[in-house]
Amino acid sequence: MLREALSNEWFTIIIVICLSILAITKYLFPVRFLDFLATPGNSKYLKVYARDQKFIDLFDGLLYSNFSISLALFIFLVYKNHIQAIDFEILLFLKIVFGVASLFLIKILLERLIGSLFELDELVDSYLFQKTSYKNYLGIILFPVNLLLIFTIIPTRDVLISIAFILAVINFTGFITSFKTHQKLIISNLFYFILYICAFEIAPYIILYKVFMRS
């Protein structure tokens, strides 16, 4: 049986905004968008478009906006249904969006800075392109997920755990892809790679969790 739609119109507005971002992206970059959708099962996108990446890329920027909004909405739904029942407030939601977007953006800028300091710009740029692509792909996956959680599926604990597992698998796939691409360099610098994982792949998520819980 279909779940009764929430009366709060903000959820609908947010969904429409995400849909509009995806529609604009597909309209402006039709070929690249279709190649991007096949990223998890095909490395064509990563190989072809990594060579043409720019520091400021409209395609990645649009998808990153969708990722930030979609992830913020998913976080809010999880918090609302399984931590504390709260009413939707646009100011609170915008804080979550800003926190998510800022955290990952600062992380990317720091990694680029470290790459420049150690004269590894080409390697770091390639690695970040792969990671960013998979995160943006998560944003596309989260769009229908949020749609279902709001209007159709009751977000029970088992449902959310299943969704989180699928998202983790997609993210882990991106990590494995990056690892395979730079396998020789990582193995020869294993100690620094472990430090990198702790500093840039684990710590940001812990910080995000603590900041969100305090807010």
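Give me the residue from segment 118-155 that is without any contact (Cβ under 8 Å) to a residue 12 or more places away in the chain and over 25 Å from LYS26 (Cα atoms) and, out of that set, surrounded by the most Cβ atoms within 10 Å (Cβ to Cβ). Steps first, answer last, please.
Quick first cut of segment 118-155, residues without any contact (Cβ under 8 Å) to a residue 12 or more places away in the chain only: 118-122, 144, 148.
With the extra rule that they be over 25 Å from LYS26 (Cα atoms), the set shrinks to 118-122.
Details: PHE118: 11, GLU119: 9, LEU120: 14, ASP121: 12, GLU122: 9.
Of everything passing the filter in segment 118-155, LEU120 is surrounded by the most Cβ atoms within 10 Å (Cβ to Cβ).
For segment 47-68, does any single residue satisfy the condition of being over 21 Å from ASP125 (Cα atoms) and hydrophobic (A, V, I, L, M, F, W, C)?
no
Among the candidates LEU77, LEU110, LEU71, which residue alone is over 16 Å from LEU147 (Cα atoms) and among the aliphatic types (A, V, I, L, M)? Steps first, answer last, please.
Values: LEU77 fails: over 16 Å from LEU147 (Cα atoms); LEU71 fails: over 16 Å from LEU147 (Cα atoms).
Residue meeting the stated conditions: LEU110.
Here is a yes/no grid of residues against (1) farther than 27 Å from CYS198 by Cβ; (2) of a type outside the set (A, V, I, L, M, F, W, C); (3) in contact with a helix residue (DSSP H, G or I) (Cβ under 6 Å, 6 or more places away or on another chain); (4) assigned to a helix (DSSP H, G or I):
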position: TYR79; (1), (2), (3), (4): no, yes, no, yes
position: ALA85; (1), (2), (3), (4): yes, no, no, no
position: PHE98; (1), (2), (3), (4): no, no, no, yes
position: LEU113; (1), (2), (3), (4): no, no, no, yes
position: ILE141; (1), (2), (3), (4): no, no, no, yes
position: ILE161; (1), (2), (3), (4): no, no, no, yes
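Going through segment 117-172 one residue at a time, which ones are at pLDDT below 85, charged (D, E, K, R) and either within 26 Å of ILE17 (Cα to Cα) or in contact with a strand residue (DSSP E or B) (Cβ under 7 Å, 6 or more places away or on another chain) (or both)?
LYS131, the sole residue that qualifies.
Check ILE75, ILE86 and return the single one that is closer than 17 Å to TRP10 by Cβ, surrounded by fewer than 15 Cβ atoms within 10 Å (Cβ to Cβ) and β-branched (Val, Ile, Thr). Walk me through it before giving the result.
Numbers: ILE75 fails: surrounded by fewer than 15 Cβ atoms within 10 Å (Cβ to Cβ).
Exactly one residue qualifies, and that residue is ILE86.
For segment 40-56, name all the residues that are touching a Phe, Trp or Tyr at 6+ places or on another chain (Cβ under 9 Å) and either part of a loop (DSSP other than H, G, I, E, B) or of a type in the set (A, V, I, L, M, F, W, C) (or both). Working first, answer last.
First, pick out the residues of segment 40-56 that are touching a Phe, Trp or Tyr at 6+ places or on another chain (Cβ under 9 Å): 40, 45-46, 49-50, 53.
The answer is LEU46, ALA50, GLN53.
The values are calculated or read from the model by the stated rules, or taken from the named source; none is laboratory data. Remember, predicted model here, so these are calculated numbers, not experimental data. Cβ atoms come from the backbone with ideal geometry, glycine included; neighbour counts cover every protein chain shown.
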